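Okay, so here's the structure we're looking at.
Nothing in this text is a laboratory measurement; each read-out follows from the coordinates by a stated rule. Quantities reported herein were computed from a predicted structural model and do not represent experimental measurements. Positions of Cβ are generated from backbone atoms using ideal geometry, with glycine treated the same way; all protein chains shown enter the neighbour counts.
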Amino acid sequence: MKSRLARSGEMPSRPMIHLFINALAASAGGGVTYIRNVLPHFARSERARVTVLLDARLAREFETSPNVTVLERESPSGAALRFFAEQRLVPQRIRACGADVLLAAGNFALFGSPIPQILLSRNSLYTSRDFHRDLRTRGDYRLWVDTELKSAFARWSVQNADVVVAPSAAFAEELRRWTGRPVLAIHHGFDREAFARTAEPLPRGQQEKLDSARDAFRLLFVSHYNYYRNFETLIRAMDLIRRRLRPRKVVLFLTCNLAPGANPGAYRPEAAAALIRELNVKDNVVELGSIPYGLLHHVYRAANVYVSPAYAESFAHPLVEAMSSGVPVAASDLPVHREVCGEAAVYFDRFSPEQLAQRVVEIAESPNLAARLSKAGVERSTAFSWKNHVESIVALAERLSAS
């Protein structure tokens, strides 16, 4: 075969690289979004095959394909337990499958990895002074201690991985300042066709909630309840928005429930629920509850404006989803948000209900501004591609394996 290729002038095909993805930490939010989007592209790759280790609850969503082998394991609860369990388990699984490169997808690296290691670092809470301050202000010291512990693991991981990848240039720079290590930025992606593919309607109760506000000016915020998404600033702004847009009705749709135990993690939503009652905006805030990812496109299309008041982010997938859906965006003025949205959004100080309200009112009162943001957003969303992201990861793994 070698002699035939040499005579014909063809180059021998490059052997497929075997990538081991440790995704045990993917249980909610961005981690799950990442795995759900990249695995189909790895399955179609002609340059890589993948073995992925997943929590058993998530693994059931995926079928093994010729290019992707799914290993499932019950993931221990708690960052410390999972970290130490992974240090023992993952090297065993890597050696058993004979992988070439490890992709650590859960912010924490493997100590003494038997193969070269790429760390995906995407959790901005470990570097966010605002988040640490917020926890102390709320008196949530248990979560503060947990975050301090995770931050120590994350900093160690960045300093010890062979290559560190962040989902945006802004967050890569933040990690560089935090650790002194070089960090590579590879944007997370978006697949518009896959996002809007599901024709299945929303559950009846959620659709009825959307329909009940058909004549209102509709704001949307897609997130489970947590502190860093800054729900309280948005709720305070709602009081101002409804006053400034009277007599027009204004409604904010939330894709969560502000009730104890209704959201992933240890965040306590009672303060946000109390603020809604205190400001008397109960009729202006509609809790849709959790929406399956494949059905979110129905909710975006029902909105007049998408609002993100988050004070910490590393990429912010909902901004791309909103832009792709043609929804004008108002976002907190973070470097990450400006990198993702560019001129396709208006911005406000992350802790200013007054500025947030003013930006929303500007969109509500200016059809030209809303149309410009909508058009620019659709165009901007095409800059993000999961296919390109996977190809960049594969190319990085090939270089790392060959070095």
Quiz item: Mind checking which of TYR311, TYR293, TYR225 has the largest fluctuation in a GNM of the chain, springs on alpha carbons under 10 Å?
Solution: TYR293
Quiz item: With each label point set 7 Å from Cα along the Cα-Cβ vector, what nm distance links GLU63 and GLU391?
Solution: 2.7
Quiz item: Using modelled backbone amide H atoms (1.01 Å from N, in-plane), which distant-in-sequence or interchain residues come within less than 5 Å of VAL329's amide H?
Solution: TYR306, VAL346
Practice problem: May I ask which residue of VAL305, THR198, PRO247 lies farthest towards the positive end of the charge dipole of region 192-381, with charges of +1 (Lys, Arg) and -1 (Asp, Glu) on Cβ and the Cα centre as origin? | Solution: PRO247
Quiz item: Taking the alpha-carbon set of region 190-319, what are its Rg and Dmax in Å?
Solution: 14.5, 42
Quiz item: Given labels modelled 7 Å from the Cα in the Cβ direction, how far is it in nm from ASN160 to TYR293?
Solution: 2.9
Quiz item: Could you give the distance between the Cα centres of region 31-64 and region 182-251, to the whole Å?
Solution: 28
Quiz item: With the chain treated as a Gaussian network of Cα nodes joined by springs under 10 Å, which of ASN280, ASN37, ASN107 yields the largest mean-square fluctuation?
Solution: ASN280
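Please label the shape of region 273-354 as rounded, prolate or oblate, based on the square roots a ≥ b ≥ c of the eigenvalues of the alpha-carbon gyration tensor (a/c under 1.5 means rounded; beyond that, a/b larger than b/c means prolate, else oblate). Please list the in-between numbers first.
Numbers: a/c = 1.91, a/b = 1.17, b/c = 1.64.
Taking the square roots of the gyration eigenvalues as a ≥ b ≥ c, region 273-354 is oblate.
Averaging over every viewing direction, what projected area does the convex hull of the Cα atoms of the chain cover, in nm²? Provide the component values of the computation, followed by the final result.
Values: hull surface 86.3 nm².
Here the figure is 21.6 nm², rounded to one decimal.
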Quiz item: Shape of region 297-403 from its Cα gyration tensor (a ≥ b ≥ c, root eigenvalues): rounded if a/c is under 1.5, otherwise prolate when a/b > b/c, or oblate?
Solution: prolate
Quiz item: Ordered by residue, what ³J(HN,Hα) values in Hz, to whole numbers, does region 364-372 give under the Karplus form 6.51 cos²θ - 1.76 cosθ + 1.60, where θ = phi - 60° and Gly and Pro are x?
Solution: 5, 9, 10, x, 5, 5, 4, 5, 5
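Hey, with R₀ at 41 Å, roughly what FRET efficiency would PHE84 and GLU208 work out to, going by the Cβ-Cβ distance, to 0.05? Don't skip to the end; give the middle numbers.
Details: r = 47 Å, r/R0 = 1.14.
In this case the efficiency is close to 0.30.
Multiplying the sequence separation of ALA152 and ARG399 by 0.36 nm and subtracting their Cα-Cα distance, what value in nm do you get?
86.0 nm
Give the shape of region 190-249 as rounded, prolate or oblate, defined through the alpha-carbon gyration tensor: a ≥ b ≥ c are the square roots of its eigenvalues, a/c under 1.5 means rounded, and otherwise the shape is prolate if a/b is larger than b/c and oblate if not. Numbers along the way, then the final one.
Working: a/c = 2.28, a/b = 1.39, b/c = 1.65.
Because a/c hits 1.5 or more and a/b fails to exceed b/c, region 190-249 counts as oblate.
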Quiz item: Can you list residues whose amide H is under 5 Å from THR51's amide H, if they're 5+ apart or on another chain and H is modeled 1.01 Å from N?
Solution: LEU19, PHE20, ILE21, THR69
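Only loop residues by DSSP count here, and only those with at most 14 other Cβ atoms within 10 Å; note down the trypsin sites (Lys or Arg not before Pro) in region 184-218 that meet that.
Numbers: sites: ARG192, ARG197, ARG204, LYS209, ARG214, ARG218; in loops: ARG197, ARG214.
For trypsin sites (Lys or Arg not before Pro) across region 184-218 that sit outside H, G, I, E and B with at most 14 neighbouring Cβ atoms in 10 Å, the list reads ARG197, ARG214.
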